[in-house]
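The values are calculated or read from the model by the stated rules, or taken from the named source; none is laboratory data. Keep in mind it's a predicted model, so treat the numbers as computed, not measured. Every residue, glycine among them, receives a Cβ derived from its backbone with ideal geometry; neighbour counts consider all protein chains shown.
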Amino acid sequence: MAGSFDMLGQAADKIVYTNLSTGTQQVYTLTVDGIKTFARVYEPYLADGNKVEHRDGFGATIWEGNFEPQCEPKYSPVAVDFINRFGSWSRIWFQKAKSRSIAVKTNEYKFNPASLPFTPSDNGQIKEFNTNAKESIKLNTGWVNDLYGEYIQELMLSERITLLDYDYNTDYTPVKIKTKSLEKQKGINKGTINYTLEFDFAYDLINTVV
C-alpha cells in the first residue's frame, strides 16, 4: 500500500530494492525500452522499508530514493490514487486531520390545501421534493518537503481520482477535486509545509440512476 512510481528506462536497466533493515535485495531487469511503473516498496519489505535504485545496464545509479514506514498514531491515513501525466496510477497519502460534510439541495412547492379555511399549523404551506445531497471530504497531507507541490499539481490536473478511507469502507471511491487553486509552498517561507485539499464524492447520496 506504499504507492508506485514511474520511470523511463531502457532494456537492461535495473530496479533494485534494498531492505533498510536486513540489506537483502530484490532486482528487476527491464527487457524493453519505455515508461514502466514500479511499487515504491517491494511488498515483503513493507515492515522495514527499502531503498530503490534505478541503475543503467552498466550498473551506474541514475536515481535512488528511500521509502520508510511511517506510523500515524492519531489519524487514519487516506490514500488518494490518480492518473498522472504519464497515464499511469500514482498515490498520495493524506495522513493528518480529515473532516466530512454534506451539501443538501431540494426543490420547493407551495401546498394546496384540500379544504378552507387553511391553518398553517396543520400541514405547513411549503413542501420539499427531489431532496438530495453531495458529500465532500477535506484532507491534510501532513508535513512534507518542498517538492510535494509538484505531486499535488499532478493530482489537481488529473481527470480520474479515487479515494480509500478505511474509517468508512475498504472500497475505492470515485471523487473529483473541489480545490481549484494551489500555492506551492516553500519551507524557507513557511517553515513546515502542509497541503489541504477538498474533494467531492462523485455521486449523489441518494441514488438517482435507475
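Remarks
- A count restricted to the range 63-79 and to residues that are free of Cβ contacts under 8 Å to residues at least 12 places away in the same chain and either touching a Lys or Arg at 6+ places or on another chain (Cβ under 9 Å) or in a strand (DSSP E or B) (or both) stands at 1.
- If you go through the range 81-100 and keep only what is exposed (fewer than 11 other Cβ atoms within 10 Å of the Cβ) and either within 14 Å of Ile137 (Cα to Cα) or among the basic types (Lys, Arg) (or both), you end up with just Ser99.
- The residue list Phe82, Phe118, Phe58, Phe86 contains one member that is assigned by TED's automatic domain parsing to the domain that holds Glu150, part of a loop (DSSP other than H, G, I, E, B) and closer than 30 Å to Asp13 by Cα, which is Phe86.
- For Tyr166, the criteria (1) in contact with a Pro (Cβ under 9 Å, 6 or more places away or on another chain); (2) under 13 Å from Leu139 (Cβ atoms) hold in every case but one, which is (2).
- Looking only at residues of the range 22-33 that are surrounded by 11 or more Cβ atoms within 10 Å (Cβ to Cβ) and not β-branched (Val, Ile, Thr), we find that the one that is farthest from Pro44 (Cα to Cα) is Asp33.
- Some residue of the range 168-187 being more than 13 Å from the chain's Cα centre (by Cα), assigned to a helix (DSSP H, G or I) and touching a residue at least 24 places away in the same chain (Cβ under 8 Å): yes
- Residues located in the range 150-173, provided they are more than 18 Å from Ser88 (Cβ to Cβ) and surrounded by fewer than 17 Cβ atoms within 10 Å (Cβ to Cβ): Tyr166, Asp167, Tyr168, Asn169, Thr170, Asp171
- Residue in the range 41-50 that is part of a strand (DSSP E or B) and either outside the structural domain of Leu147 (by TED's automatic domain parsing) or not aromatic (Phe, Trp, Tyr) (or both) present: yes
- Near pairs, Cβ below 7 angstrom, 6+ apart or cross-chain, from the range 12-30 (in the same structural domain as Gly59 (by TED's automatic domain parsing) and in a strand (DSSP E or B)) to any residue that is surrounded by fewer than 18 Cβ atoms within 10 Å (Cβ to Cβ) and β-branched (Val, Ile, Thr): Lys14/Val27; Lys14/Thr29; Val16/Val27
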